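Novice: Handing you a structure now.
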Amino acid sequence: MKKVITAIVLFASTKLSAQIPEDALRAAWNTPSGTARQQAIGGAMGSLGGEISSLFVNPAGLGFFKTNDFAISPGFSFSSDKSGYRGTNASGNSISNFNLGTSGVVFASAPGRNGNTGAFSIAMNRAANFNKDVLYKGQNDYSSYAEQYAIELANSGLSIDDAIGTTQLSYGTRMALYTYLIDTATINGSSQVIAQPSKNAGFLLNQQNKFRSRGGITEIALGYAANLHDKLYLGLGLGIPIFNYSRTLTFTETDATGNPNNDFASSVYTENYTTRGFGFNLKLGMIYKPSATWHVGFVLHSPTILGLTDEIHSGMVTNTEGYAGTLSMSSDSLDYYTNSSANKVNYDLLTPWKMMISGSYLFGAGNADVSKQQGFITADIEYVTDKSSRFHRADETTDPNYFPAVNDAIKSSYKGNFNFRVGGEMKFNIFTGRLGFAYSTSPYKQSELKADRMSISGGVGYRNKGIFMDLTYVQNIINDVNFPYRLSDKANTFANLKDNGGTVLFTVGLKF
């Protein structure tokens, strides 16, 4: 455990202090949207085919199309977060937003001389939703957020005068120095770096972390599939994800002892942080029909190569009572003071591999009489190599030792996780009913970090004379953790988060 935390603190001690393991996980451990039909069956689309959302799951499914299709999938999502931190429960604000699930067109080709067909598709989809409001708070007699800055300064070996003016240290540490949140003191005849909030025995702190994030990943994809004798379907897809993430954060720490002479009253750290960029990925898929009633699918998603730019603006206000009064500092003023612009960094992120096997059983397959009750049961098992995410520097301005430390921490912090999806559909003439379930296991190595994702879904559909409409509701339950800060000399405190939310999706389409 200490090896993990040490690596985290090493890469946190940079001029930007931006990339941490959670940044890699954000691009990998998420719940993508889709069409209303696909979401109604738990997102299990690895072996069914004949759905435009196949382009984002298993592009081989495009080979089932025999007609041209157009579909659009507007949706509405809402959620609320609850938290538990050091024995105190809290709730964030409820939020809601409109989004667009899988929408686009499929063009099917006429049969060739050998009877084989193919299909091409271009579509877009919401691959991740970052919208959330989180609040957690509690009392802490174990650690202070100031200790991370004291550790960085102590490890640097720099004097206070040299440290404030260098970009070798993070914004947080230099602001903590300027506002006297940390300082040096002679203890037992030696000079040591101290954190004011926790330097005295019997300290007790009120801590609160409040952050709001917005944005998501919108993926535009192109794909082609070949249908070989209605038996074997082979597909290839190219994805272009557009990444947009923003966060505003306020962390507050106040003295809870009531002592007006312990050199600390309060400190407030604020941050505005954005990440933007785009990338590329490939999806390879196959569906095989050993019989009319059985489909099996195999899928491989390559890592996404993302080119990203982070920008951060932060500030700190600290009240050290009679020690230094009330002082404030911002990253912009530090940039001006040091004649630098260290609040922006360009880098590349390589996301994990994804591998999937899938199977479907169809009732009444091949029956031309649509008045006969028909349907299917389908299931996917997907494995994601979360610990294989990697950061790489995109220019020469970044310390070459920075991202290897980040990557070591990712390998130490995460493990591969499984995604299970199952769903079914029953057709009653022109109407259908659907149910689905999905579950994602934890990507964290440490057993004390409890995290998983679960969704329960249901929907109805209508198909008649080339027009189709689907309506779905998805209930999501997400458990995760959040670290307000990281330390290398003791166990880290964290908040448990629970996100309850729902999504309503409506897909309307036309065969032409």
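Novice: Could you tell me whether Thr254 is β-branched (Val, Ile, Thr), in a strand (DSSP E or B) and either under 29 Å from Leu308 (Cβ atoms) or touching a helix residue (DSSP H, G or I) at 6+ places or on another chain (Cβ under 8 Å) (or both)?
Specialist: Judged against the criteria, Thr254 is not a match.
Novice: Does the range 91-116 hold any residues that are more than 14 Å from Ser53 (Cβ to Cβ), within 20 Å of the chain's Cα centre (by Cα) and not in a strand (DSSP E or B), and which are they?
Specialist: Within the range 91-116, Gly92, Asn93, Ser94 meet the criteria.
Novice: Another one. Quick check on the range 389-399: of everything there that is part of a loop (DSSP other than H, G, I, E, B) and more than 30 Å from Gly46 (Cβ to Cβ), which residue is modelled with the highest pLDDT?
Specialist: Result: Ala394.
Novice: If you go through the range 175-193 one residue at a time, how many are under 36 Å from the mean Cα position of the chain (by Cα) and surrounded by fewer than 18 Cβ atoms within 10 Å (Cβ to Cβ)?
Specialist: 0
Novice: Also, I was wondering about something else. What number of residues in the range 185-202 are in contact with a Phe, Trp or Tyr (Cβ under 8 Å, 6 or more places away or on another chain) and among the aliphatic types (A, V, I, L, M)?
Specialist: Qualifying residue count for the region: 1.
Novice: Here's another thing I want to ask about it. How do the pairs read when you match residues in the range 444-465 that are farther than 23 Å from Thr507 by Cβ with residues anywhere that are in a strand (DSSP E or B) and among the polar types (S, T, N, Q), using Cβ under 7 Å and keeping only pairs 6 or more apart or on different chains?
Specialist: Lys450/Asn479; Lys450/Asn496; Ala451/Asn479; Asp452/Ser440; Asp452/Asn479
Novice: Follow-up. Before we move on, is Gly42 within 21 Å of the chain's Cα centre (by Cα), modelled with pLDDT of 95 or more and within 26 Å of Lys498 (Cα to Cα)? Show your work before the answer.
Specialist: Values: within 21 Å of the chain's Cα centre (by Cα): yes; modelled with pLDDT of 95 or more: yes; within 26 Å of Lys498 (Cα to Cα): yes.
Yes, satisfied.
Novice: Checking the conditions here, which among Leu181, Leu158 is free of Cβ contacts under 8 Å to residues at least 24 places away in the same chain and hydrophobic (A, V, I, L, M, F, W, C)?
Specialist: Exactly one of Leu181, Leu158 is free of Cβ contacts under 8 Å to residues at least 24 places away in the same chain and hydrophobic (A, V, I, L, M, F, W, C), namely Leu158.
Novice: Does Asn281 meet the test of being closer than 23 Å to Trp353 by Cα and polar (S, T, N, Q)?
Specialist: Yes.
Novice: Mind listing whichever residues of the range 309-366 are loosely packed, with under 15 Cβ neighbours inside 10 Å, in a loop (DSSP other than H, G, I, E, B) and either in contact with a Ser or Thr (Cβ under 9 Å, 6 or more places away or on another chain) or free of Cβ contacts under 8 Å to residues at least 12 places away in the same chain (or both)?
Specialist: Gly325, Asn339, Ser340, Ser341, Gly366
Novice: Which residues, taken from the range 456-512, are surrounded by 17 or more Cβ atoms within 10 Å (Cβ to Cβ) and of a type in the set (D, E, K, R)?
Specialist: Passing the criteria: Arg463, Asp470, Asp480, Arg486, Asp499, Lys511.
Novice: Still on this structure: Which of (1) of a type outside the set (Lys, Arg); (2) assigned to a helix (DSSP H, G or I); (3) touching a Gly at 6+ places or on another chain (Cβ under 8 Å) does Leu222 not meet, given it meets every other one?
Specialist: Unmet condition: (2).
Novice: With the requirement that a residue be crowded, with 16+ Cβ neighbours inside 10 Å and under 16 Å from Phe506 (Cβ atoms), what does the range 73-103 give you?
Specialist: Ser73, Gly75, Ser77, Asn99, Gly101, Thr102, Ser103
Novice: Has the range 400-419 got any residue that is crowded, with 19+ Cβ neighbours inside 10 Å, modelled with pLDDT of 90 or more, of a type outside the set (S, T, N, Q) and in a loop (DSSP other than H, G, I, E, B)?
Specialist: No; the residues of the range 400-419 include none that is crowded, with 19+ Cβ neighbours inside 10 Å, modelled with pLDDT of 90 or more, of a type outside the set (S, T, N, Q) and in a loop (DSSP other than H, G, I, E, B).
Novice: Right, something else. Somewhere in the range 149-172, is a residue touching a Leu at 6+ places or on another chain (Cβ under 6 Å), within 21 Å of Ala324 (Cβ to Cβ) and part of a loop (DSSP other than H, G, I, E, B)?
Specialist: no
Each row is one residue, and each column tells you yes or no for (1) farther than 19 Å from Lys82 by Cβ; (2) in a loop (DSSP other than H, G, I, E, B); (3) in contact with a helix residue (DSSP H, G or I) (Cβ under 7 Å, 6 or more places away or on another chain).
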{"site": "Glu425", "(1), (2), (3)": "yes, no, no"}
{"site": "Leu435", "(1), (2), (3)": "yes, no, no"}
{"site": "Ile456", "(1), (2), (3)": "no, no, no"}
{"site": "Val460", "(1), (2), (3)": "yes, no, no"}
{"site": "Ile477", "(1), (2), (3)": "no, no, no"}
{"site": "Asp480", "(1), (2), (3)": "no, no, no"}
{"site": "Pro484", "(1), (2), (3)": "no, yes, no"}
{"site": "Leu497", "(1), (2), (3)": "no, no, no"}
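Novice: Out of all the residues in the range 52-86, which are modelled with pLDDT of 95 or more, in a loop (DSSP other than H, G, I, E, B) and not hydroxyl-bearing (Ser, Thr, Tyr)?
Specialist: Hits for the range 52-86 are Ile52, Asn58, Phe65, Asn68, Arg86.
Novice: Have a look at Tyr336, Tyr347, Tyr288 and point out the one that is at pLDDT below 95 and over 21 Å from the mean Cα position of the chain (by Cα).
Specialist: Exactly one residue qualifies, and that residue is Tyr336.
The values are calculated or read from the model by the stated rules, or taken from the named source; none is laboratory data. Bear in mind the structure is a predicted one, so any value in this text is a computation, not a measurement. No Cβ is skipped: glycine too gets one built from the backbone with ideal geometry, and neighbour counts run over all protein chains shown.
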